[in-house]
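Enquirer: First, the structure itself, so that you have it in front of you.
The values are calculated or read from the model by the stated rules, or taken from the named source; none is laboratory data. Small disclaimer: the values here were computed from a predicted structure and weren't measured. Here the Cβ is made from the backbone with ideal geometry for all residues, glycine too, and neighbour counts use every protein chain on show. The accessibility values were calculated without ligands, DNA or RNA, using every heavy atom of the protein model including side chains. Shrake-Rupley method; radii C 1.70, N 1.55, O 1.52, S 1.80 Å.
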2 protein chains.
Amino acid sequence: MTTSTASTAFAPGHVTAFFSIHRAESPATSGSRGAGLALSEGVTATVSPTDGGDQGKNEIHLNGTRVTIEAVEHVLSELRVTARVRLETPLTPGAGFGVSGAAALATALAANNRFDCGRTENELVRLAHAGDVEAGTGLGDVVAQARGGIPIRLEPGAPGYGSLDGIPDRCRVEYVTFGELSTPDVLSGETEALSAAGERALTALMGDPTVETLLAEGRRFTREIGVATPAVAEAIDAVADAGGEASMAMLGRSVFALGTGLTDAGYDPSVCRTHPAGATLGSE
Amino acid sequence: MTTSTASTAFAPGHVTAFFSIHRAESPATSGSRGAGLALSEGVTATVSPTDGGDQGKNEIHLNGTRVTIEAVEHVLSELRVTARVRLETPLTPGAGFGVSGAAALATALAANNRFDCGRTENELVRLAHAGDVEAGTGLGDVVAQARGGIPIRLEPGAPGYGSLDGIPDRCRVEYVTFGELSTPDVLSGETEALSAAGERALTALMGDPTVETLLAEGRRFTREIGVATPAVAEAIDAVADAGGEASMAMLGRSVFALGTGLTDAGYDPSVCRTHPAGATLGSE
């Protein structure tokens, strides 16, 4: 097997500042409302056929390690292909960057191209969104990652059901990670108060659709739902003390900041930018 | 006035392969269905306040020449600002690249940023779309230019009314221009047969959403509506004879081709690529 038989796609990472949960009958119509930032760092998926030795079994590697990612398996199953998927990302999985959603979306785009599945972009986004929702690993990352920029999820669900808007801006983004937080655990808990806080934040953001308000509402949401660990809360406060804007990446033990916010506060953050394009075929 | 008081935005050019016309009560709900390519070459708008000498009058320059572009004036009027707008583009206006729509969209993004108008992306796209429709210079370019990639206009109209999909691909694009064709003249003529041909092409494309089918349906649409000049028809045929894929840019005397189609046919084309991001703040 040569590399010329592989197709590659990229999906940006995504940090959610705040969200509300909306469960519906199907995974495609379920999702979240909320807002966040699509990141120039994300997941690159390279998809090729398997050798055929283990018929019907996908081979998924994340940064060189064999893994099982339910959302990715879902996508391949729906496309009716068996594939070798190499996923590469500088982002920490389980830390609030939507790595599972990006993996599913990039795999969908690359697999559709490699195996001539003949799907449109909306259809591929729908498969990846449904996979992420079914796996319990995300509710809104995929549609945001497909759009790029600074996405606002106005209505929940995949293309054809949900709807999106965006904040017309671009910015440098810094982030630090303090460890994992299990998305399925939080999403399966009591979520009424969380959703109410998320709805209030969305209303406030639509009244003043700027990145500064996005971050401010993210901080308020973080306080109200009480999921910040001491390290996360300390970093957010330190950035504020240094005159910057930071918030927590939902749902992970990560803090993201605009511009040089974390650097100014004395942290040694990773640095990226908002990603204008959304997921695309090819590598970035 | 220093350049630091200016904001800049970019909107990709867009060639439509085929379309149908849908007139509704308002410009925002009017539009077209169809498909085309968003181009890496487009319009960069730099927006700053006027000196105030000619109160309430915008100063719009296109590649250094003072011009009036109705869609741009519409956007500034709706944003309630008076501005100096410098538009730069390598694309020929009036040749089927959606220059008026790109100018309106880039101006909307830059003016919103410069004057803190506080609009969301959807709101800005809506203003630019309505301006292009009211001016009679475009029916679907703006929503495609806001999306980027290889946009399919499933339903007509601005965000909140229309809906979009896309072909999941990226490609090199070549183009040649043989002169202008008046968009208002064609759009104000008898358009029932045109729309019927456009609907057939869209149905065919959704059955096989690939760039090759996009171009093939574009050629069929071009033949059926009979707007190709001899030079356009000759170029399309020459590309086909050389084994390539080309079609006419609606509505202009331009031919676009995939890959090296026009070069292989002996033309000396301009070269760009599909633009994945859609319109964004900042210059590309």
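For every residue, the table says whether it meets (1) more than 16 Å from residue B:44 (Cβ to Cβ); (2) under 18 Å from the mean Cα position of the chain (by Cα); (3) among the basic types (Lys, Arg).
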site: B:64; (1), (2), (3): no, no, no
site: B:72; (1), (2), (3): no, yes, no
site: B:109; (1), (2), (3): no, yes, no
site: B:119; (1), (2), (3): yes, no, yes
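Enquirer: I would also like to ask the following. Go through the range A:119-157 residue by residue and tally those that are within 12 Å of chain B (Cβ to nearest Cβ) and either of a type in the set (Ser, Thr, Tyr) or crowded, with 24+ Cβ neighbours inside 10 Å (or both). Quick ask: steps written out before the conclusion?
Expert: Within the range A:119-157, the first condition is being within 12 Å of chain B (Cβ to nearest Cβ), and the residues that meet it are A:119-128, A:146-152, A:154-155.
Within this subset, residues satisfying the condition of being either of a type in the set (Ser, Thr, Tyr) or crowded, with 24+ Cβ neighbours inside 10 Å (or both) are A:120-121, A:124-128, A:146-152.
Number of matching residues: 14.
Enquirer: Step by step: first the residues of the range B:109-118, then only those that are of a type in the set (A, V, I, L, M, F, W, C) and in a loop (DSSP other than H, G, I, E, B), then the one that is farthest from the other protein chains (Cβ to nearest Cβ). Which residue is that?
Expert: This residue is B:115.
Enquirer: Scan the range B:80-100 for residues that are over 13 Å from residue B:251 (Cα atoms) and within 14 Å of the chain's Cα centre (by Cα) and jot them down.
Expert: Our first condition is that a residue be over 13 Å from residue B:251 (Cα atoms); within the range B:80-100, this holds for B:80-91.
Those that are over 13 Å from residue B:251 (Cα atoms) and within 14 Å of the chain's Cα centre (by Cα): B:89, B:90, B:91.
Enquirer: Moving on. Of B:247, B:283, which residue is within 20 Å of residue B:12 (Cβ to Cβ) and open to solvent by less than 50 Å² (accessible area, probe 1.4 Å)?
Expert: Working: B:283 fails: open to solvent by less than 50 Å² (accessible area, probe 1.4 Å).
Answer to the check: B:247.
Enquirer: So which pairs qualify, if the first residue must be in the range B:203-223 and touching a residue at least 24 places away in the same chain (Cβ under 8 Å), the second must be of a type in the set (A, V, I, L, M, F, W, C) and open to solvent by 30 Å² or more (accessible area, probe 1.4 Å), the Cβ gap must be under 6 Å, and the two must be at least 6 apart or on different chains?
Expert: B:217/B:204; B:222/B:228
Enquirer: So which residues in the range B:207-220 are within 9 Å of chain A (Cβ to nearest Cβ) and under 21 Å from the mean Cα position of the chain (by Cα)?
Expert: Initial filter on the range B:207-220 (within 9 Å of chain A (Cβ to nearest Cβ)): B:207-210.
Matches in the range B:207-220: B:209, B:210.
Enquirer: Identify, by number, the condition in (1) under 23 Å from the mean Cα position of the chain (by Cα); (2) more than 30 Å from residue B:169 (Cα to Cα) that residue A:263 doesn't meet.
Expert: Just one mismatch for residue A:263, condition (1).
Enquirer: Now for a different question. Just for the range A:229-239: of the residues that are in contact (Cβ under 8 Å) with a residue 12 or more places away in the chain and surrounded by fewer than 21 Cβ atoms within 10 Å (Cβ to Cβ), which one is farthest from the chain's Cα centre (by Cα)? Outline the logic, then answer.
Expert: Step one: filter the range A:229-239 for residues in contact (Cβ under 8 Å) with a residue 12 or more places away in the chain, giving A:229, A:231-232, A:235-236, A:238-239.
Retained after the next criterion (residues that are surrounded by fewer than 21 Cβ atoms within 10 Å (Cβ to Cβ)): A:229, A:231, A:238.
Working: A:229: 21, A:231: 22, A:238: 25 Å.
In this case the residue turns out to be A:238.
Enquirer: Considering the range A:159-191 alone, what residues qualify as being at pLDDT below 95, hydrophobic (A, V, I, L, M, F, W, C) and not in a helix (DSSP H, G or I)?
Expert: Once the filter is applied, which keeps residues that are at pLDDT below 95, hydrophobic (A, V, I, L, M, F, W, C) and not in a helix (DSSP H, G or I), the range A:159-191 yields A:178, A:181.
Enquirer: Still on this structure, please answer the following. Only one residue in A:154, A:139 is closer than 17 Å to residue A:36 by Cα and within 12 Å of the chain's Cα centre (by Cα). Which one? It would help to see each step written out before you state the result.
Expert: Details: A:154 fails: within 12 Å of the chain's Cα centre (by Cα).
Testing whether each residue is closer than 17 Å to residue A:36 by Cα and within 12 Å of the chain's Cα centre (by Cα) leaves just A:139.
Enquirer: Filter the range B:21-47 down to the residues that are over 19 Å from residue B:100 (Cα atoms) and either touching a Lys or Arg at 6+ places or on another chain (Cβ under 8 Å) or among the aliphatic types (A, V, I, L, M) (or both) and list them by number.
Expert: B:22, B:24
Enquirer: For a quick check of your reading of the model, give me the residue pairs whose first member lies in the range B:111-132 and is aromatic (Phe, Trp, Tyr), whose second is not in a helix (DSSP H, G or I), with beta-carbon atoms closer than 7 Å and at least 6 apart or on different chains.
Expert: B:115/B:79; B:115/B:81
Enquirer: Residue by residue through the range B:233-269, note down the ones that are modelled with pLDDT under 95 and outside any loop (DSSP other than H, G, I, E, B). Show your work before the answer.
Expert: Taking the range B:233-269 as the starting set, the residues that turn out to be modelled with pLDDT under 95 are B:250-253.
Once the filter is applied, which keeps residues that are modelled with pLDDT under 95 and outside any loop (DSSP other than H, G, I, E, B), the range B:233-269 yields only B:250.
Enquirer: State yes or no: is residue A:125 in a helix (DSSP H, G or I) and either modelled with pLDDT of 95 or more or in contact with a strand residue (DSSP E or B) (Cβ under 8 Å, 6 or more places away or on another chain) (or both)? Quick ask: steps written out before the conclusion?
Expert: On the way: in a helix (DSSP H, G or I): yes; either modelled with pLDDT of 95 or more or in contact with a strand residue (DSSP E or B) (Cβ under 8 Å, 6 or more places away or on another chain) (or both): yes.
Yes; evaluated as a whole, the condition is true for this residue.
Enquirer: Could you list, in sequence order, the residues of the range A:19-60 that are out of contact with any Ser or Thr (no Cβ under 8 Å at 6 or more places or on another chain) and open to solvent by less than 50 Å² (accessible area, probe 1.4 Å)? Reasoning before the result, please.
Expert: Residues of the range A:19-60 out of contact with any Ser or Thr (no Cβ under 8 Å at 6 or more places or on another chain): A:25-31, A:51-54.
Scanning the range A:19-60 gives A:26, A:27, A:28, A:29, A:30, A:31, A:52.
Enquirer: Next question. Could you tell me how many of the residues in the range A:194-209 are open to solvent by 40 Å² or more (accessible area, probe 1.4 Å) and outside any helix (DSSP H, G or I)?
Expert: 1
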